[in-house]
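Chemist: Got a structure for you, written out below as structure tokens; questions coming shortly.
Each reported figure results from applying straightforward, stated rules to the coordinates on display, with no laboratory input. The model shown is predicted, which means the values in this text are computed figures rather than measured ones. Methodologically, a virtual Cβ is constructed for each residue, glycine included, from the backbone with ideal geometry; neighbour enumeration extends over all protein chains shown.
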Amino acid sequence: MRNSDPQQAGCNPVDWVKTRVEELYGVAGQGSYEGDIAAQIQGTFSPGAQVIMNHEPVSLRRYTDVLQSERAATVKTDVQWMDVNEADTNMGQPEGRIVAGSFNVTRTMKFRVRVSPVKLSQRVWFSARLVEDTPEKLAIEQLFLTTSK
């Protein structure tokens, strides 16, 4: 039986990825967002993790910068999951699970146009390879992202 806590390695990998993505794309004071984004990145990715954004390799530092810039002037973020699936690539072994799918991110900005706040939408397609960083903790080892703006 799997643990239902999405922070633990024994949980459902799809739930774990959803929780982590919502934290990374969230804003301070909303939902489960805690601390700065650098700490969230460190708690989500394995050391030396590979990130590919729109077919370009980027460092974790650059990915952190992208997320921080997207949070600028944002007061609220909504993540709507479109399609998420898990593929077990190692026939039941805990390492090497792949979670892939897509989600929409809608950011409500501090700025207004006439009387309504500005809203920005972004569609993100992803594929994440998960490993057990420690026996109690999952981590993303490889992340592929394709985004629209």
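Chemist: Please name which of Phe126, Ala139, Val113 has its Cα lying farthest along the dipole of segment 110-149 towards the positive end, using unit charges on Cβ (Lys, Arg +1; Asp, Glu -1) and the Cα centre as origin.
Modeler: Val113
Chemist: Another question, if that's okay. Treating cross-link reach as a plain straight distance, find the lysines whose alpha-carbon is under 20 Å from the alpha-carbon of Lys110, omitting any fewer than eight places away in the same chain.
Modeler: Lys76, Lys119, Lys149
Chemist: Cross-link partners among lysines for Lys18, C-alpha distance below 16 Å, same-chain residues fewer than 8 apart left out?
Modeler: Output for Lys18: Lys137.
Chemist: Between Arg123 and Gln68, take the C-beta separation as r, use R0 = 30 Å, and let me know the FRET efficiency to the nearest 0.05.
Modeler: 0.90
Chemist: Given the options Thr77, Phe103, Gln50, identify the residue whose Cα lies farthest towards the positive end of the charge dipole of segment 36-122 (+1 on Cβ of Lys, Arg; -1 on Cβ of Asp, Glu).
Modeler: Most positive-ward Cα: Thr77.
Chemist: So the label point goes 7 Å from the Cα of Glu56 along Cα→C-beta, right? Which residues of segment 106-149 then have their backbone N under 19 Å from it?
Modeler: 122-127, 143-149
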